[in-house]
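The values are calculated or read from the model by the stated rules, or taken from the named source; none is laboratory data. Model, not experiment: these values are computed from the prediction. Please note: Cβ atoms are built from the backbone with ideal geometry, for glycine as well, and neighbour counts cover all protein chains shown.
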Amino acid sequence: MSVDVLQLAINYIELSDSGEHSAHYREQLVGANGSVATLLEQLHLAYNGKPAKGYASFTDDKDPTVPQALTHWIAGDSDYLGFSKATTAALVTHLSTHQLPETGYLLLGHYRYLASEFLLVCLLGSKNHFELTEQLDLSASRHLDIARMQLAARIDLTEFKVNNAAGNYISFIRGRAGRKVADFFLDFLGCTEGADARLNSKKILASVEEYFAAAEFEPNEKTAARRQVFDYCEERAKAGQDVMLSELSAVVDPEQENGFLHYCAEQQLEVAEQFPVELKELKKMIKFNGAGAGLSVSFDEKLLGERVQYDVGTDTLIIKGTPPNLRDQLQRFTQGYSAFERQADTE
C-alpha cells in the first residue's frame with residue numbers, strides 16, 4: 001500500500017474550565033517526511049477499517065464555511081494553511097453551538113491513494129505513554145490516539161472535482177456516540193447525508209440472490225459466487241471506493257459478465273451504477289451469526305446443508321462436528337472435570 005502525502009495541517013482545540021472552546025493554530029504545515037507518510041497511512045487504514053460509515057455531500061442548507069473554504073483552496077484563491085485555519089475555526093464554532101465537550105488535535109490530511117485524491121478531516125484525542133531509560137528514569141510522551149478515531153470524515157476530492165453532481169463524495173464515521181455527534185459533524189462540514197450504505201448492501205444481497213435463482217445456479221456455484229462478490233466489495237470498501245455495478249456484474253457471473261447488469265435493468269431493481277457498501281451487512285452473504293437468550297452461533301454459509309442442518313418447522317439447528325476447543329469444554333463438563341483428567345492421564 002502506498003499513500004502519497006500532499007499536505008498535512010494540525011491544530012489543537014481545547015476546552016477551558018468555563019466551558020469555552022478555543023483553537024491553537026500551528027503556523028506552518030507539517031513537513032512531508034517519512035513520519036508524516038506513516039501517520040497518514042495509519043489514519044487511512046484506521047478510517048477504512050471503521051465498519052459503520054455514512055455518505056454525504058455539501059448542501060446550501062448548512063453552514064457554508066467549510067465548503068466555501070474548500071472551494072477557494074481548490075481554485076487557488078487561498079493556500080492549504082488558510083483553509084485549515086478556516087476549517088478549525090468552524091469546528092470551534094459548532095462545538096460551542098452544540099455544547100459538546102470534545103477536544104483534541106484536528107488533523108487535515110491531503111493525500112493521494114491509487115488514482116484518487118482525498119482530504120481526511122479527523123479530531124483525535126491523545127494518550128500518555130511511559131518508558132524507562134537505561135538509568136531507570138521514567139519519561140512520558142504523548143501519542144495520538146488513532147485507534148479511537150470517532151470524529152472523522154473524508155472527502156474524495158477527485159470525485160468532488162469531476163463528478164460533483166453525483167453527490168456522496170463525503171464519507172463519515174457514524175461512531176458509537178449516537179446520532180447527535182454524527183449530526184454535529186455533518187453540520188460542521190456543511191453537508192447532508194445521502195446514500196445509505198447499509199440499505200445499498202441489503203439491496204445487493206437481495207438482488208444477487210434473486211439472480212442466482214433466475215439463472216438456476218447450482219448450490220456450489222452460489223457459494224463460490226457469494227464469496228467472490230464479498231471479496232470484491234471488501235476490496236473496494238477497504239480502498240475507500242464505491243462498488244461499480246458493471247464490475248460487480250462480472251464478479252457475480254463471469255460467464256455472463258453483463259448478466260446481472262441486464263437482470264437489474266429488466267427487473268427494475270433500481271441498483272445505482274456505483275454505490276458505497278457496508279461490509280458488516282454484506283458479511284451475511286458468506287456467514288450466518290446470531291446471539292440471544294444466552295446462545296451465540298456463527299458458521300460459514302457453505303456449511304449449511306452439510307455439517308449444519310436447519311429444520312424450519314421446528315426451528316432446530318443440528319451441528320455435526322464441533323470445534324476442538326468447544327468439544328473439549330463440553331466433554332469436560334458432561335463427564336465431570338475430575339473424571340476427564342483421570343482419563344487423560346491414562347492415555
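Listed conditions (1) in contact with a strand residue (DSSP E or B) (Cβ under 8 Å, 6 or more places away or on another chain); (2) closer than 26 Å to A272 by Cβ are all met by L151, apart from (2).
Is region 153-166 home to any residue that is charged (D, E, K, R), surrounded by fewer than 22 Cβ atoms within 10 Å (Cβ to Cβ) and modelled with pLDDT under 80? There is no residue in region 153-166 that is charged (D, E, K, R), surrounded by fewer than 22 Cβ atoms within 10 Å (Cβ to Cβ) and modelled with pLDDT under 80. Which residues, taken from region 298-342, are surrounded by 10 or more Cβ atoms within 10 Å (Cβ to Cβ), of a type in the set (V, I, T) and either part of a helix (DSSP H, G or I) or at pLDDT below 90 (or both)? If the condition is that a residue be surrounded by 10 or more Cβ atoms within 10 Å (Cβ to Cβ), of a type in the set (V, I, T) and either part of a helix (DSSP H, G or I) or at pLDDT below 90 (or both), then T322 is the only one that fits. Among the residues making up region 200-226, those that are within 20 Å of the chain's Cα centre (by Cα) and either within 19 Å of E257 (Cα to Cα) or not polar (S, T, N, Q) (or both) are K202, K203, I204, L205. V312: touching a residue at least 60 places away in the same chain (Cβ under 8 Å) and among the hydrophobic types (A, V, I, L, M, F, W, C), yes or no? No.
Scanning region 69-92 for residues that are assigned to a helix (DSSP H, G or I), surrounded by fewer than 20 Cβ atoms within 10 Å (Cβ to Cβ) and without any contact (Cβ under 8 Å) to a residue 60 or more places away in the chain yields T71, H72, A75, G82, A86. Residues in region 20-49 that are without any contact (Cβ under 8 Å) to a residue 12 or more places away in the chain and of a type in the set (G, A, S) were compared, and the one that is farthest from L91 (Cα to Cα) is G34.
Filtering F217, F275 for residues that are aromatic (F, W, Y), buried (at least 16 other Cβ atoms within 10 Å of the Cβ) and touching a residue at least 40 places away in the same chain (Cβ under 8 Å) leaves a single hit, F275.
Selection of region 220-252 for residues being among the hydroxyl-bearing types (S, T, Y), crowded, with 17+ Cβ neighbours inside 10 Å and more than 28 Å from L43 (Cβ to Cβ) yields T223, S249. Report whether or not D4 is acidic (D, E) and in a strand (DSSP E or B). Answer is yes for this residue. Sort out which residues of region 151-174 are assigned to a helix (DSSP H, G or I) and not aliphatic (A, V, I, L, M), and write them in order of number. Listed by number, the residues that qualify are T158, E159, F160, K161, N164.
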